[in-house]
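Encoded as C-alpha cells, the structure appears first; notes follow it.
Here, each number is a calculation from the coordinates, and none is a lab measurement. Quick caveat, the model's predicted, so the values are computed rather than measured. Please note: Cβ atoms are built from the backbone with ideal geometry, for glycine as well, and neighbour counts cover all protein chains shown.
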Amino acid sequence: MKTKLIHLLKQIFPSSYTELAVFLFFLICYGTLGTYIALHYRIIFDSRIPWDAYFSFDNKAIVMTGGSFERHPLAYYFFNWIREFSLMISGGKMDASFRLTLAWLSNTAISLCMVQIFKYLKNIIRLPLAISLILILFFGLFSTSIILSFTPENFTYTLLLLSIYNYYAAIKLRKEEKIPGSALTLAGITIGGLTITNIVKVFIPILFEKDLFRSWKKFGNAVFRVILATVCFAFLYLLRIDFKYQNIFSKTNQQYEKFSNVESIPDWDMILSYFFGGSILFPSFMTTDKHNMKGFDFKGLLMEPYSSAFCYAFVIVLLVLILWSYFKNFRNKLVQILVISFVIDIVIHCIMRFGLHTSYIYGGHFVFVYPLLLGWLFYAYRSEPRTISFLTVIMGIMLAFLLTNNLFRMSDFFQFLETYYQ
C-alpha cells in the first residue's frame, strides 16, 4: 500500500527537476494572473452573480452547490470541501481572500495538469526535451488553460483528472497491464462525478488491454471491473438525489432543450470558432446584459465568431496536424484512446449540438488531446529530420500567433473587468 501511494504521488506531482521547473513556471505565471484578478476585481466570485459573468462560467453556483445534479452528480461534495477550505482561509468571509484562495486552487490544478501532459510527452511518447517544452508552452497558452487557471469551475478539475487518468492508463497499457478495478472505480466516481458524460472516457482504455477479445477470462474480468465502477457510481449518484431517479430524465431533457436550440450563428462557424477554436485561440468578445433573476443587473462577456481569416487558418492548420497525426499513428492504441475520447465530445457538442453556441467553455473536457496528438505526430517522424524541422517551424509560427492573439484578447478582458467589476 505504501509503495502504491508513493507511485501515485510521483505520478501526480513533479518527480524530477525538469518537471518541477515546468510546475513552478506555470504556477508563477498563472498565479500572478489569478492573484491580480482576485485582489483587484470581484469577477471570480460575486455573491450577487450566480452565472454567466464571463464566457458562461457558473462560478458562484458551482462554488456553492457544485452545479446541477443531472450534469455534475457528485460535484456538490467536492465543492463543499473547496468552499469550506476557502472560507477557513478567509476567516469565514467571501471577500478578496476568499477569491484569492479559489483562484490559487484553480491555479494549482491547472499547473499540475501541465505537469501531467509534460510527463506524458516525456515518458510515454519519449520526445526530446525541447519539443516537449514547445508543446507544453503551446498548451499552456490555450484560452481554456488561461481562463481555468483562475476560474473555480467543474471544468478546471475535470481537466486535471482527465490528464492524470490518461497518463495513468497509458503507463498501464505500455506495460501491458490491466487497469485495476479500484483505479477504474475511483476514476469513474471522480471524473464522472464532476461531469457525468466523461465517465464513458474512463472505460475507453479497457478496450485496448492486451488480448482482451482473445480470452474469455480477461474479457469477463474487464466486464466485472466496468460493472463494479458503474454500480458504485450509480449508487452514489442515486444517494445524492435520494433515489428520485425520475428527476434525472426530466432535468436532462430540460437542459438539452435549453442549450441545443440556438440558431443565431451557422453551425459550421460555431464548430470552428467555438468548439475547435475558442477553447484554444480567443476570438473577439462582446458584452451582454444579464440579471440574476432577483433584481440585480450585471454585464456578461461572451465570445464572438472569428472575424479574422488568420484565426480560421490557425484552427484549420491545427486540425490538419491533428488528423495527420491520427492517420500516421492509426495502429497506435494510445492514439486511438485519445481520439475516441475526443470524438465523444464532438458528438455531444457538434452533432447533438448541446451547448454548441458556448462550446468553448467545455474545453476542459478535451483540450489536453491537442498537445498529445501533436506529440505523437513528432514521434512518428522521429527518424526524419527534415519533417521534424518542418513541424517545428510550423509549431513555432503557431505558438507566436497564439501568444500574440491571446495576450491581446486578455487585454480586452481586463478592460471589461476595469469597466464593470472593480
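Each residue of the stretch 407-422 is assigned a 3J(HN,Hα), and the resulting list reads 5, 5, 5, 5, 5, 5, 4, 5, 5, 4, 5, 4, 6, 10, 10, 6 Hz, derived from the Karplus form 6.51 cos²θ - 1.76 cosθ + 1.60 (θ = phi - 60°), x at Gly and Pro. As a rough guide to protection, the peptides 126-136, 353-363, 153-163 ranked by mean Cβ packing within 10 Å, highest first, stand as 153-163, 353-363, 126-136.
Between F330 and D289, the modelled labels are 5.5 nm apart [label points 7 Å from Cα along Cα→Cβ].
Close amide-amide hydrogen proximity is noted between S279 and no other residue 5 or more places distant or on a separate chain, at a cut-off under 5 Å (H modeled in the peptide plane; Pro and chain starts excluded). Pairs from the table (K122/K175; K175/K217; K4/K172; K119/K217; K175/K201; K10/K218) lying more than 22 angstrom apart at Cα are K119/K217; K10/K218. Would you mind pulling out the separation of the Cα centroids of the stretch 134-189 and the stretch 15-63, in Å? So the two Cα centres are separated by 18 Å. Our summary gives the stretch 2-420 a relative contact order of 20 percent, counting only alpha carbon pairs under 8 angstrom and 6 or more residues apart. Amide H contacts under 5 Å for Y54: L301, restricted to partners 5 or more places along the chain or on a different chain, H placed in the peptide plane at 1.01 Å from N. Taking the three principal axes of the alpha carbon atoms in the chain, the coordinate ranges are 63, 55, 45 Å, sorted in descending order.
Highest mobility in the GNM of the chain, judged by mean-square fluctuation with C-alpha springs under 10 Å and restricted to T151, T404, T230, is found for T404. Hull volume per residue, based on the alpha-carbon atoms of the stretch 119-261 and their convex hull, is 152 Å³. Computed packing ranks the peptides 310-317, 217-224 as 310-317, 217-224, most packed first, by mean other Cβ atoms within 10 Å.
Straightening the chain between L236 and I340 buys 34.8 nm, computed as 0.36 nm per residue apart minus the Cα-Cα spacing. Under the simplified labelling scheme, the F390-W81 pair shows an inter-label distance of 4.8 nm, with each label point 7 Å from Cα along Cα→Cβ.
Counting neighbouring beta carbons within 10 Å and listing from fewest to most, the residues D289, D95 come out as D289, D95. With neighbours defined as other Cβ atoms within 10 Å of a residue's Cβ, the residues V200, V367 order from fewest to most as V200, V367.
Of the residues Q336, Q246, Q116, which exhibits the maximal mean-square fluctuation in a Gaussian network model of the chain defined by a 10 Å Cα contact cut-off? Highest fluctuation of the listed residues: Q246. Springs join every pair of Cα atoms under 10 Å in this Gaussian network model of the chain, and among F330, F45, F378 the largest mean-square fluctuation is at F330. In this rough spin-label picture, where each label sits 7 Å from Cα along the Cβ direction, the T35-S182 distance is 3.9 nm.
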